[in-house]
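Structure first, then comments.
The values are calculated or read from the model by the stated rules, or taken from the named source; none is laboratory data. What you see is a predicted model, and the numbers here were worked out from it, not measured in a lab. A quick note on method: Cβ atoms are made from the backbone with ideal geometry, for glycine too, and the neighbour counts reach across all protein chains shown. Accessible surface is based on the protein model in full, side chains and every heavy atom, while ligands, DNA and RNA are left aside. Shrake-Rupley method; radii C 1.70, N 1.55, O 1.52, S 1.80 Å.
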Amino acid sequence: MSPTLGSGDLLLISRKSYTELEPRRGDIVLARHDDELIVKRVVGLPGEEVEVKGAALYINGTLIPEGYTLTNSIQFDIAKGKLFSGRFPTLGDNRGIPPIQASHPIISKAQIVGKVILSINILRLHFKFVG
């Protein structure tokens, strides 16, 4: 999730954020995926058509500006697909990671443990509100 979050950051999670509300595009979430906990950004919403071309995000054919992403020389594509009801695609902010090393799951609301609302870098004593 670099540059937004760094390795070793402590995260404050709101477990009740989605009790009555749905995740929104741009939210950073802690979710369960393949028996692991992952931290990813929600990039699409149910019913939308999502595509990644050269690490750039497109929703319903429109390029979505993402000022928080980090892209190095590695580019990747995710084929266009329409999301089912209750499904949320996620991506990390560091799009320079080789696709084979990255996980970009489509998750359900039930898989979301909570919304990340604060990160604390204890090495630099730096606080960042993210949600």
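Structure above, values below:
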{"item": "Pairs of lysine residues in the chain - Cα separation under 27 Å, sequence separation of 8 or more or cross-chain", "result": "20"}
{"item": "Highest-fluctuation residue, Ser119, Ser14, Ser85 considered, GNM on the chain with Cα pairs under 10 Å", "result": "Ser85"}
{"item": "Computed label-point distance, nm, for sites Lys53 and Ser7 using a 7 Å Cα→Cβ extension", "result": "3.4 nm"}
{"item": "Segment Leu37-Ile97, length gained on full extension (0.36 nm per residue, minus Cα span)", "result": "19.7 nm"}
{"item": "Pairwise FRET efficiency - Ser14 versus Leu45, Cβ, R0 = 25 Å, nearest 0.05", "result": "0.85"}
{"item": "Charge dipole magnitude, Cβ of K and R +1, D and E -1 - the chain, Cα centre, debye nearest 20", "result": "240 debye"}
{"item": "Mean separation of Cα contacts under 8 Å (6+ apart) over length of region 13-105, as relative contact order %", "result": "26 percent"}
{"item": "Heavy-atom accessible surface of the chain: percent carbon and sulfur, 1.4 Å", "result": "55 percent"}
{"item": "For region 75-106 versus region 1-47, the gap between their alpha-carbon centres in whole angstrom", "result": "14 Å"}
{"item": "In nm, spacing of pseudo-spin labels at Ile106 and Ile120 (7 Å Cα→C-beta vector)", "result": "3.8 nm"}
{"item": "Virtual spin-label span in nm between Gln75 and Val113, 7 Å along Cα→Cβ", "result": "3.6 nm"}
{"item": "Heavy-atom accessible area per residue - region 13-121, 1.4 Å, Å²", "result": "54 Å²"}
